[in-house]
Amino acid sequence: MPFLPFYIPRHNQLKIAIIGAGYAGIAALVTLLRHIPDASIAIVDPRSHHLKITHLHETFRYPLEDFLIPFTALENRFGCRHIRAEPALDERVLRQWQNERFITVNGEEINFDYLLIASGSPIAQMVKSENVLDLYDFMSVPGPHLLESRLNASDMEEQSISVIGGGATGIQFLFEIADFLRRQQIECGLRLIHGEARVLNQFPPGFSAYAEARMADLDIDFYPDTRYRGQQGNKILLEERHTNRQFTLPSTISLLFLGKKPVAPVSANVFGQILVEGEALQEIFTAGDCSIYNAFGSNTMTAQSAVRKGMLAARNIIRHSGSFKLLEPYFHRDLGYVVSLGPADAVGWLALEGNVVGGIPALLIKELVEAQYDLLLTGIDTYLM
Ligand SMILES: Cc1cc2nc3c(=O)[nH]c(=O)nc-3n(C[C@H](O)[C@H](O)[C@H](O)COP(=O)(O)OP(=O)(O)OC[C@H]3O[C@@H](n4cnc5c(N)ncnc54)[C@H](O)[C@@H]3O)c2cc1C
């Protein structure tokens, strides 16, 4: 059993409930069981599978099942219990849980010594018609099937696909679709609609220059500073950002990658304990995209930060249960971020945000990071910091 500094066990068997079993929840689960293998852990998540969402765009090349891990498999691997439910969370409920030390899910009372909230951040959605897709569609049906069924059903003479949103997710899907259309020899135009002047605008300009040059190489039409206003039959309605001029373009399928829904994150102290009206709930922690830590560490909505927060929250739960209650503050800084541009290319930063790398080196970094998480899912923790 690995050594955890400042931890002298006090409890016999800790009961821990984890609400949300994405990257943060799973990282916490593995960390808890490494240090306290006899803990009784319940994970509460409405899905039947853990989704490796950072791979979702790759369903144009690999089966969707490769990125879905049934919670039953995780129950067998880690000896935890999965409860399929989606409890509603707010400050009143959190206070009540802190006082009562149980949550009620599907009519059952789940007692806990510690609770971790890791429910992620919801994805923005809009009203959709049959030929408009968003990220949720790709979570249950493989990409090729979604596109082919709609292209085959269309009677348009010249077919085209519009990708809306030039953030990391939209760009990763855009390049996978371009590669898929080329491999399958499907005659279909591809365009990107983006509300800002440059793609990947949350990253340094080197990202945009690299990605936009690759888009030009692949004949992908780019509409910057343009907003999506809806799909009407086989036409997409757009609006120029600076002039508000509206216009339509033919579009067989529109794919919406609009980012995260703006919801208030859960506030936490430097140790990951939830703050309600400035007061730390001692036995309730949070981690991942749903959380903002009041700390020096990174609060970016990335898998890296989610995993590090999940691990930190788990270590602090264990320490808090011990005799000293000496907790560890959150200092993690992201070490890089890579956006894939199809199967053979990528762009990212490493070590310093200005240090932009493209091509094979960036691709290798991405694969290394993904492999590290795959190992964690098998219970092997290779994260050094
Ligand atoms: C398409 C895509 C690609 C991405 N690529 C990258 C990348 O390459 N690199 C990177 O660093 N980051 C990437 N990200 C961001 C990264 O995936 C997130 O930052 C990360 O998943 C956050 O982890 P999390 O555990 O907080 O939330 P999630 O992984 O979203 O997990 C949240 C879990 O909570 C469950 N849940 C939600 N509400 C409730 C509730 N009320 N009760 C119980 N359970 C609930 C959900 O079902 C889900 O299983 C990508 C995101 C997307 C969408």
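Remarks
- Residue match in segment 250-264 (condition: more than 16 Å from the ligand (Cβ to nearest atom), assigned to a helix (DSSP H, G or I), over 19 Å from the mean Cα position of the chain (by Cα) and of a type outside the set (Phe, Trp, Tyr)): no
- Here residue 271 clears all of (1) of a type in the set (Phe, Trp, Tyr); (2) within 16 Å of the ligand (Cβ to nearest atom); (3) under 25 Å from residue 103 (Cβ atoms) except the condition numbered (2).
- Residue pairs meeting the criteria (Cβ under 7 Å; at least 6 apart or on separate chains; first in the same structural domain as residue 25 (by TED's automatic domain parsing), in segment 82-99; second part of a helix (DSSP H, G or I) and of a type in the set (Asp, Glu)): 82/75
- Checklist (1) in contact with a helix residue (DSSP H, G or I) (Cβ under 8 Å, 6 or more places away or on another chain); (2) under 22 Å from residue 148 (Cα atoms) applied to residue 214, failing item: (2)
- Residue ID - nearest to the ligand (Cβ to nearest atom), chosen from residues in segment 1-24 that are surrounded by fewer than 24 Cβ atoms within 10 Å (Cβ to Cβ) and under 15 Å from residue 379 (Cα atoms): 2
- For residue 333, the requirement of being of a type in the set (D, E, K, R), in contact (Cβ under 8 Å) with a residue 24 or more places away in the chain and surrounded by fewer than 24 Cβ atoms within 10 Å (Cβ to Cβ) is met.
- Subset of segment 108-128 (residues that are at pLDDT 95 or above and surrounded by fewer than 16 Cβ atoms within 10 Å (Cβ to Cβ)): 108, 109, 111
- Only listed residue being within 16 Å of the ligand (Cβ to nearest atom), outside any helix (DSSP H, G or I) and either out of contact with any helix residue (DSSP H, G or I) (no Cβ under 8 Å at 6 or more places or on another chain) or not charged (D, E, K, R) (or both), chosen from 27, 42: 42
- Scan of segment 274-312 for residues that are acidic (Asp, Glu) and either within 11 Å of the ligand (Cβ to nearest atom) or in a helix (DSSP H, G or I) (or both), ordered by number: 289
- Subset tally (residues that are assigned to a helix (DSSP H, G or I) and under 19 Å from residue 170 (Cα atoms)) for segment 343-366: 3
- Residues of segment 368-379 satisfying the condition of being within 14 Å of residue 338 (Cα to Cα) and surrounded by 14 or more Cβ atoms within 10 Å (Cβ to Cβ): 369, 370
- Segment 318-347, residues that are in contact with an Asp or Glu (Cβ under 9 Å, 6 or more places away or on another chain), more than 16 Å from the ligand (Cβ to nearest atom) and not charged (D, E, K, R): 320, 321, 344
- Of all residues in segment 129-146 being within 13 Å of the ligand (Cβ to nearest atom) and among the charged types (D, E, K, R), the one that is surrounded by the most Cβ atoms within 10 Å (Cβ to Cβ): 134
- Any hit, segment 45-61, residues being outside any helix (DSSP H, G or I), more than 16 Å from the ligand (Cβ to nearest atom) and not β-branched (Val, Ile, Thr): no
- Within segment 148-172, the residues that satisfy the criterion of being in a helix (DSSP H, G or I) and either outside the structural domain of residue 228 (by TED's automatic domain parsing) or over 23 Å from the mean Cα position of the chain (by Cα) (or both) are 148, 149, 150, 151, 152, 153.
- Boolean, residue 185 is touching a residue at least 60 places away in the same chain (Cβ under 8 Å) and not small (Gly, Ala, Ser): no
The values are calculated or read from the model by the stated rules, or taken from the named source; none is laboratory data. Quick caveat: nothing in here was measured; it's all calculated off a predicted structure. Quick reminder, even Gly has a Cβ in these numbers, built from the backbone with ideal geometry, and neighbours come from all protein chains shown.
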